[in-house]
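Undergrad: The structure follows.
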Amino acid sequence: MKDILSNLALATLLVFLPIKATLTVVMVLVLVDLVTGILAARKRGEKITSSGLKRTVIKLLVYESVVMLGFLTEQYLTGDIVPVVKILGGLVGLTELKSVLENAEELTGIPLIQVIIDKLSQQEKQ
């Protein structure tokens, strides 16, 4: 039974090997959001609780599952017609990046999102 489970785990890892980088980036963004969120909560004087950390674990599992299901959909149903992994990974990544920037703004007092938007607007006008 142990051999069957280890073979199943290995087969699962091999199936998702092509999206290893996407899964890693999603995990890093969630963890950076966690760290910056904790720092921002401390600055606000909020208590850090296990329920808050539990939400991060659930969020990570959901995001990773969404990307993996998107990969299966792309690989076995839509092919190259719709880049499902890039779309889902991008949505998750942008969501987490926005959260990190909001936390950083709270920590530094600098509206980083607005600074980025202003810089992009200036480049567009040139």
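The values are calculated or read from the model by the stated rules, or taken from the named source; none is laboratory data. All values derive from a computational prediction rather than experimental measurement. No Cβ is skipped: glycine too gets one built from the backbone with ideal geometry, and neighbour counts run over all protein chains shown.
So that you can scan it fast, the table gives a plain yes or no per residue for (1) among the aliphatic types (A, V, I, L, M); (2) in contact (Cβ under 8 Å) with a residue 12 or more places away in the chain:
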position	(1), (2)
L5	yes, no
A9	yes, no
V35	yes, no
V62	yes, no
E74	no, no
V84	yes, yes
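Undergrad: If you go through the range 108-124 one residue at a time, do you hit one that is within 19 Å of L39 (Cα to Cα), assigned to a helix (DSSP H, G or I) and of a type in the set (K, R)?
TA: No, there is no match, as no residue in the range 108-124 is within 19 Å of L39 (Cα to Cα), assigned to a helix (DSSP H, G or I) and of a type in the set (K, R).
Undergrad: Report, ordered by the first and then the second residue, all pairs with beta carbons closer than 8 Å, sequence separation of six or more or different chains, a first member in the range 88-117 that is at negative phi, and a second member that is acidic (D, E) and modelled with pLDDT of 90 or more.
TA: Qualifying pairs under 8 Å: E96/D33; S99/D33; V100/D33; N103/D33; P111/E105; L112/E105; I113/E102; I113/E105.
Undergrad: So is K43 within 30 Å of V84 (Cβ to Cβ), among the basic types (K, R) and modelled with pLDDT of 90 or more or not? Please lay out each step first, then the result.
TA: Values: within 30 Å of V84 (Cβ to Cβ): no; among the basic types (K, R): yes; modelled with pLDDT of 90 or more: yes.
No: the conditions fail for K43.
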